[in-house]
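Right, one structure below, let's go through it.
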Amino acid sequence: MIQIFEVTSASGAILPVKLEFPLNPFENVDHENYQLYFDSPLQGISWNKEENQRIIINDENVDVIGFPTIDLKYIVAIYKGINGAFLIPNNAVIYNLDGTIHKVLKITELISERSKKYLEKENLENPPLSLAKYPQGLAFSNFGWRKDINGNLINSISIDFDRDYGEKRELNPETGEIGKVLDDWQIKDRFFIKSNI
């Protein structure tokens, strides 16, 4: 079981995260540590297991963001950028609590109506793996907790593609299955056009 989870930075910021919904690494953080975190060239994550073994996940080339899964059995980390240890589009890793890799996630077929229409209009394959050669072309972008329509907490992971589109999907961390669409979006002319599915 995780005792402590933190977001960290190369400049020395360590921000403890209260493991309750909604996850907020910046709650009760003083201005100095907040600034230290955001002024840093690189961010990472760390956690302590029951045995007080501290696990640190960072990368010398890209930011690493992430959180524990809702059952606190795994950590999902997103490697942000094109030069990290885990390259887009397979830039999301599920870690066991001892720091070993449980799964490296693979981008799955996009399934929202908005995504399918866009891919068809642009004559792109599904998933649009040809976009992965461009920064922000096709990548996992975020992981977190959210509530379903019944108020139950679920794990969610976001897939961004072609810079302006994305899907938030349910994630089963045990199997690595990326499931139903929870939300989708398009950023158009600086406006965020979103649908709640």
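The values are calculated or read from the model by the stated rules, or taken from the named source; none is laboratory data. Quantities reported herein were computed from a predicted structural model and do not represent experimental measurements. Glycine also receives a Cβ, built like all others from the backbone with ideal geometry; neighbour counts cover every protein chain displayed. These area figures cover heavy atoms from the full protein model, side chains too; ligands, DNA and RNA do not enter into them. Shrake-Rupley method; radii C 1.70, N 1.55, O 1.52, S 1.80 Å.
Calculated mean residue ellipticity, 222 nm, the chain: -2500 deg cm²/dmol, from DSSP H runs (n ≥ 4) at -39500 (n - 2.57) each, averaged per residue and rounded to 500. Working from Cα pairs under 8 Å separated by at least six residues, relative contact order for region 45-173 is 18 percent. On a C-alpha basis, how far is the centre of region 53-116 from the centre of region 157-182 in Å? Whole number, if you could? The distance from the Cα centre of region 53-116 to that of region 157-182 comes to 12 Å. Taking only the alpha carbons of region 133-187, we obtain Rg and Dmax values of 11.9, 39 Å in that order. Assuming charge only on the beta carbon of Lys and Arg (+1) and of Asp and Glu (-1), the dipole of region 45-156 about its Cα centre is about 240 debye to the nearest 20. For GLU174, the shell of other residues with beta-carbons less than 10 Å away shows a net charge of 0, using +1 for Lys and Arg and -1 for Asp and Glu. Other residues with beta-carbon under 12 Å from the beta-carbon of SER11 carry, at +1 per Lys or Arg and -1 per Asp or Glu, a net charge of -2. Across region 109-182, the relative contact order, built from alpha-carbon pairs under 8 Å that are at least six residues apart, equals 23 percent. Using the Cα coordinates of region 86-197, the gyration tensor eigenvalues translate into equivalent-ellipsoid semi-axes of 23, 18, 12 Å, sorted from longest to shortest.
Among 132-143, 17-28, the peptide with the highest mean count of other Cβ atoms within 10 Å heads the list, and the full ranking is 132-143, 17-28. Ligands, DNA and RNA left out, the 1.4 Å accessible surface of the chain is 48% carbon and sulfur atoms. Mean projected area of the Cα convex hull of region 1-137, taken over all directions, amounts to 9.6 nm². Number of Lys-Lys pairs in region 62-146 with C-alpha atoms under 26 Å apart and a separation of 8 or more places or on different chains: 14.
Here the chain is treated with +1 on each Lys and Arg Cβ and -1 on each Asp and Glu Cβ, and its dipole about the Cα centre works out to around 440 debye.
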